[in-house]
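Undergrad: Please find one structure pasted underneath; my questions will follow.
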Amino acid sequence: MGLLNAVDLYRFYHSNEEETLALRGVSLEVKAGEIVAVMGPSGSGKSTLLSCLAGLDEPDGGYVEVMGQRITRRPEEERAAIRSAEIGILLQSGNLFEHLTVEENILLQMSLAHRGDRKRMNDLLNRTGISHRRSAYPEELSGGEAARAGMAVALSTNPSILLADEPTGEVDSETEKHIINLFESVRNERCAILVATHSETLASYANRIVHLRDGMVVGG
Ligand SMILES: Nc1ncnc2c1ncn2[C@@H]1O[C@H](COP(=O)(O)OP(=O)(O)OP(=O)(O)O)[C@@H](O)[C@H]1O
């Protein structure tokens with residue numbers, strides 16, 4: 001049984017007269033200690049899938065289980081509680097509050113989830129290689145530093161599941177290497193990792209690749 005299970009997910013978007021079928025019956029499972037890469041062309045449904053898996057968006061059909069608990073179609077406060085206890089999330093839009101420093105962003109995340117401590121924060125700042133930027137505000141960071149800070153925030157609560165959307169999208173190769181090393185070390189800590197990516201390099205470190213096309217799984 002996976003730490004993360006998605007069963008027959010459907011998601012439709014309606015805008016004006018148009019209907020987009022972003023997900024059409026996606027099922028997948030991620031086990032402890034496993035990295036699953038989700039790959040597919042732009043618009044194939046990767047971000048929609050991650051939002052549904054995180055309980056940030058509700059699928060129109062199917063359901064998601066996190067650590068055996070159904071997260072779909074539950075009140076938002078219950079979804080938020082499961083999310084903050086079990087899931088680390090790194091969305092494409094980033095996960096840093098602009099008015100807080102890197103360190104304050106990590107401390108806020110840990111305090112909201114009632115998890116983590118300064119020792120873990122310092123450890124993550126070292127492992128992501130941005131310890132020297134801990135007092136910087138997000139706007140003062142380079143793209144690569146912001147990506148690493150985002151990873152530190154996502155991992156600060158020691159989540160069971162890490163969901164990351166294009167974590168190496170616009171970063172230099174040194175940052176990509178840091179992020180891959182971090183993924184490998186949290187995989188060794190038995191975290192279940194699902195990462196949407198266009199990067200063949202990152203995907204080569206995954207245990208499995210799930211290919212999405214037009215909202216459907218076409219391989220894996
Ligand atoms: N809020 C929305 N309203 C209407 N359509 C949407 C919305 N969000 C996504 N879509 C559509 O749903 C489909 C899937 O989009 P999604 O962002 O999940 O793809 P993606 O694989 O993550 O793409 P990319 O690699 O470019 O990030 C696309 O056709 C997109 O235009």
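Undergrad: On a straight-distance basis, which lysines could pair with residue 46 in a cross-link, Cα separation under 21 angstrom, same-chain partners fewer than 8 positions away excluded?
TA: Filter leaves 31.
Undergrad: How about the range 1-107: which GluC sites (Glu not before Pro) there are in a DSSP loop, with at most 11 other Cβ atoms within 10 Å of their Cβ?
TA: Counting only loop positions with at most 11 other Cβ atoms within 10 Å, the GluC sites (Glu not before Pro) in the range 1-107 are 17, 98.
Undergrad: Amide H to amide H, which residues 5 or more places from residue 162 or on other chains are under 5 Å from it, using H placed in the peptide plane?
TA: 88, 192, 193, 194
Undergrad: Can you spot the lysines whose alpha carbon is less than 24 Å from residue 119's alpha carbon? Ignore those fewer than 8 places along the same chain.
TA: Within reach: 177.
Undergrad: So, for the range 1-103, what is the accessible surface per residue at a probe of 1.4 Å, expressed in square angstrom?
TA: Result: 47 Å² of accessible area for each residue.
Undergrad: How about the range 53-159: which trypsin sites (Lys or Arg not before Pro) there lie in a loop by DSSP and see at most 12 other Cβ atoms within 10 Å?
TA: 73
Undergrad: Roughly speaking, to the nearest percent, how much of the range 67-220's 1.4 Å accessible area is carbon and sulfur?
TA: 47
Undergrad: I need the phi-derived Karplus couplings for the range 83-97: 6.51 cos²θ - 1.76 cosθ + 1.60, θ = phi - 60°, integer Hz, Gly and Pro marked x.
TA: 4, 6, 7, 10, 10, x, 10, 10, 8, 4, 6, x, 9, 10, 7
Undergrad: Can you grab the distance from the C-alpha centre of the range 171-188 to the C-alpha centre of the range 91-138, Å, no decimals?
TA: Going from one Cα centre to the other spans 17 Å.
The values are calculated or read from the model by the stated rules, or taken from the named source; none is laboratory data. Since we're looking at a predicted model, the values are computed, not measured. We place every Cβ from the backbone using ideal geometry, glycine too, and count neighbours over all the protein chains shown. Calculation scope for accessible area: heavy atoms of the full protein, side chains included, ligands and nucleic acids excluded. Shrake-Rupley method; radii C 1.70, N 1.55, O 1.52, S 1.80 Å.
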